[in-house]
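What follows is calculated from the coordinates using simple rules that are stated; it is not laboratory data. Here the structure is a predicted model, which is why all the values come from computation and not from measurement. Note: ideal-geometry Cβ built from the backbone for every residue, glycine included; neighbour counts use all protein chains shown.
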Amino acid sequence: MLYVIAANYNWDNGFSIPKAIIANNNCDMSTGLMMFYLSDGIRFLEDRESVEQSGLDEWNKFITEVYSMLETDSFKRSNISYYPELTKVQLFKLKKSNPNIPDFFLEGIDGNDIEIPII
């Protein structure tokens, strides 16, 4: 299951596996959103310009691609839930700075909770 692989991925190992996961036709919205946040999507939402100017080209390309795929509903729908762990302060700031962001980026995706075994 891609969701479990993504949840257990060690990001110190680069982007080849995350790229393969998001390119997989079975990758769903919840997995995509989880990968967005696990790859520091909060930083992207808070200040896109700093991401673009970070000098981390591979990360910038990945996070931008995942955001775009989520925003354009490119991932399939499933019954798996994912809720980003955002504080009330983060939610307030993100809503204020991104008034047009789709709700699921901040509120998550409803569905069934999946127990994530450590692999």
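Given R0 = 22 Å, the distance between the Cβ atoms of VAL89 and SER54 translates into a calculated FRET efficiency of 0.40. Computed 3J(HN,Hα) for the range 76-84, one whole-Hz value per residue from the Karplus formula 6.51 cos²θ - 1.76 cosθ + 1.60 where θ = phi - 60°, is 6, 8, 8, 9, 8, 8, 7, 10, x, glycine and proline marked x.
Here's the picture: a label point sits 7 Å out from the Cα of LYS76 along the beta-carbon direction, and within the range 1-15 the residues with their amide nitrogen under 14 Å of it are 1-3.
Only DSSP H runs of four or more residues enter the estimate; each adds -39500 (n - 2.57), and after division by the residues of the chain the mean residue ellipticity at 222 nm equals -15000 deg cm²/dmol.
Here the spin labels are modelled as points 7 Å beyond Cα on the Cα-Cβ line, and at ALA23 and ILE42 they lie 3.0 nm apart. Cross-link partners of LYS88 among aspartates and glutamates, defined as those whose alpha carbon lies under 15 angstrom from its own and excluding same-chain residues fewer than eight positions apart: GLU46, ASP103, GLU107.
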